[in-house]
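See structure below.
The values are calculated or read from the model by the stated rules, or taken from the named source; none is laboratory data. Note that the structure is a prediction, hence the values are computed from the model and not measured. Every residue, glycine among them, receives a Cβ derived from its backbone with ideal geometry; neighbour counts consider all protein chains shown. Remember, those area values only see protein heavy atoms, side chains included, never the ligands or the DNA or RNA. Shrake-Rupley method; radii C 1.70, N 1.55, O 1.52, S 1.80 Å.
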Amino acid sequence: MHATPDRSRRGPLLAAALAVLLVLGVIGGALLSRGGEDHRLVAAPSPSPLASEPAGSVAAPAPAGSVAPTTPKPAADCGPWGCAFRQRLAAAAKVAGTGPGKLGVTVLDRRTGAVWEAGTASHTMWASSTPKLAIAASLLERARAGEITLDPIARRQLAAMLAVSDDDAADALWDRYGGASLLPRFRDRYGMTGARFVPGFPQRWGFVKLSAEDLRRLMTYVLTRTDPADRAYLVTAMRTTGPIQHWGVWAAGPAQRPGAKDGWSIESDGGTKHWCTSSVGFAGAGERYVVAVMDDLPPGSGIAPGVHATSDVVATLFGAPTPAAVTVPDESTGR
């Protein structure tokens, strides 16, 4: 027999079902509202293309086949040197690292105060003729202060010492105006703190050891603390040297209007002869960059490798062609 539905029980059953659904809905809503606590129930939101748009605006659809615009990346922070110069510094560091002997270079940007160095810039080695710049600065300062008098003979010797690195002129000025007593002035006043006479040799300008850092500080003093007239004299003299000093800092190239005081000599350490080449000077508009470079060459090397190495590292710094076009002094000329 077919049973007839009991209509009297349908009302209570429907009410119970509705109550169950209502309870489930409340529980589900509560779980969804706990998105920060129950990640199983909440999916990460997708970025909205309108997220940064002003309220009420609508982004226009991109044309078919177009690429969505991207936010430009911020410019690289290359520090006080700037990106182009930083690249040249990195290239120069490689040159210094592969040069013959102990090759060190250091640069000061006088506009920003930034200092850079590579290789063996703190290595103390024979200074050759670079102390002649310190001699010149000291004579001009002392003459201006009334401590000494530079007669026409001394003036000619001073000019020759800077132009062609004349050793006889330097000897005469050294003997006449203080000799070994000048070295403390170089250390204490000019910042050449590593400068010292070489033990076992005469206490003269040609028997001094120092570092590229010492030379950088000397050149910085000349450009910032000497009397303007004396400074102008030294800057002009270093810019107009004879061809024998057309290498080292000179290799920055004519566009940089460099000035240089070079040194080259064959010296003895431990009874072994070896060449030393060094250069100190400036480059750039307003003598912006102070540059010092020194190469302590191994025994058996001639002068040419040191001249080319010191020149190429400077040329690389300033974007000049390499190998740099230089004048290599005759090996018999030098100090």
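Quick look at the values:
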quantity: Chain lengthening between S268 and T112 when straightened (0.36 nm per residue, less Cα-Cα); calculated: 52.2 nm
quantity: Carbon/sulfur fraction of accessible area - region 132-249, other protein chains in place, 1.4 Å, %; calculated: 53
quantity: Calculated over region 173-241: convex hull of Cα atoms, volume per residue (Å³); calculated: 107
quantity: 5 angstrom amide H check on R196, placed H, neighbours 5+ away; calculated: K209
quantity: Shape of region 227-335, Cα gyration tensor, a/c cut at 1.5; calculated: prolate
quantity: Separation between Cα centres of region 106-179 and region 215-268, rounded to whole Å; calculated: 9
quantity: By average C-beta atoms within 10 angstrom, highest first, the peptides 258-269, 141-152, 316-327; calculated: 258-269, 316-327, 141-152
quantity: Diffusion constant of region 148-263 at 37 °C, which comes from Stokes-Einstein with the Kirkwood Cα-pair radius and 0.692 mPa s, µm²/s; calculated: 215
